[in-house]
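The values are calculated or read from the model by the stated rules, or taken from the named source; none is laboratory data. Because the structure is a prediction, the values reported are computed rather than measured. Virtual Cβ from ideal backbone geometry, glycine too; neighbours counted across all protein chains shown.
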Amino acid sequence: MEASFEPFQKARFGRRQVDAGHADLGESELAAPLADGCHQRRTVDLTATPTHPPIVGSGPLPGREASLRWTSEDDTRDFAERLAARPALGRAFIALHGDLGAGKTTFVRHLLRALGVAGRIKSPTYTLVEPHEARSFPVWHFDFYRFDDPREWEDAGFRDIFDQPGLKLAEWPEKAAGLLPAADLTLHLSVDPDGVRSVRVDPGSNIGRELVP
């Protein structure tokens, strides 16, 4: 029997609610942050931020840093499908770095489709996070481009999300530096002058080593 997940079970989506009218998945859009002066100052306890065990050993194990070139969207889809087949994916946190238009969101869309996510895939540009239910585990897609207030980490229940099993994907993770746990796998995407996307795949834990296709 197929497992049933409830991605919203613990998350508390506060002042950034899901925008049902937002367009389908696309690269982050430039927009001014929402004004909100009603929050009281809080202290964020970073000591409880979960982390995965770091890589151990120095031998030539599989899953070391790799450099890829995606000459077309088919290459992006192929990488996403191979990654989706890795059993460790359901326990991973993947961080996505790259400028606007580098292909972060396109990669996420292909990965979600490869994991069996059906229906409309919305961008979390305004909501900061969109939950999805894959075939075998829940998935949370974060976009921290507009994240500008560390108090939202607690207010929106992001700590609870990272405490739960499931795949977490984060675009613009540098905007939430100091709050996010260490990534199991980091993708650095850039676009060459000829339009080819260069991708550096950097595993940050033993889980990350298992993920490198």
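Descriptive notes on the structure:
- Scan of segment 119-143 for residues that are within 15 Å of Ala84 (Cα to Cα) and part of a loop (DSSP other than H, G, I, E, B), ordered by number: Ala134, Arg135, Ser136, Phe137
- Enumeration of residues in segment 163-180 that are within 12 Å of the chain's Cα centre (by Cα) and in a loop (DSSP other than H, G, I, E, B): Gly166, Trp172, Leu180
- Some residue of segment 74-86 being polar (S, T, N, Q), farther than 14 Å from Asp143 by Cα and surrounded by fewer than 17 Cβ atoms within 10 Å (Cβ to Cβ): no
- When residues of segment 127-152 are limited to those that are more than 15 Å from the chain's Cα centre (by Cα) and not acidic (Asp, Glu), the one nearest to Phe93 (Cα to Cα): Ser136
- Test: residue in segment 64-73 that is part of a loop (DSSP other than H, G, I, E, B), in contact with a Pro (Cβ under 8 Å, 6 or more places away or on another chain), modelled with pLDDT under 50 and not aromatic (Phe, Trp, Tyr): no
- Verdict on Arg146 being under 17 Å from Ala80 (Cα atoms), basic (Lys, Arg) and not in a helix (DSSP H, G or I): no
- Residue match in segment 194-213 (condition: without any contact (Cβ under 8 Å) to a residue 24 or more places away in the chain and outside any strand (DSSP E or B)): yes
- In segment 182-204, of all residues being surrounded by 15 or more Cβ atoms within 10 Å (Cβ to Cβ) and aliphatic (A, V, I, L, M), the one that is farthest from His97 (Cα to Cα) corresponds to Ala182.
- Restricting attention to segment 111-127, the residues being touching a residue at least 24 places away in the same chain (Cβ under 8 Å), surrounded by fewer than 22 Cβ atoms within 10 Å (Cβ to Cβ) and touching a strand residue (DSSP E or B) at 6+ places or on another chain (Cβ under 8 Å) number 3.
- A residue that is under 19 Å from Val108 (Cβ atoms), at pLDDT 90 or above, among the basic types (Lys, Arg) and surrounded by 19 or more Cβ atoms within 10 Å (Cβ to Cβ) cannot be found anywhere in segment 169-177.
- Flag if Leu211 is surrounded by 21 or more Cβ atoms within 10 Å (Cβ to Cβ), under 12 Å from the mean Cα position of the chain (by Cα), within 18 Å of Pro87 (Cβ to Cβ) and among the hydrophobic types (A, V, I, L, M, F, W, C): no
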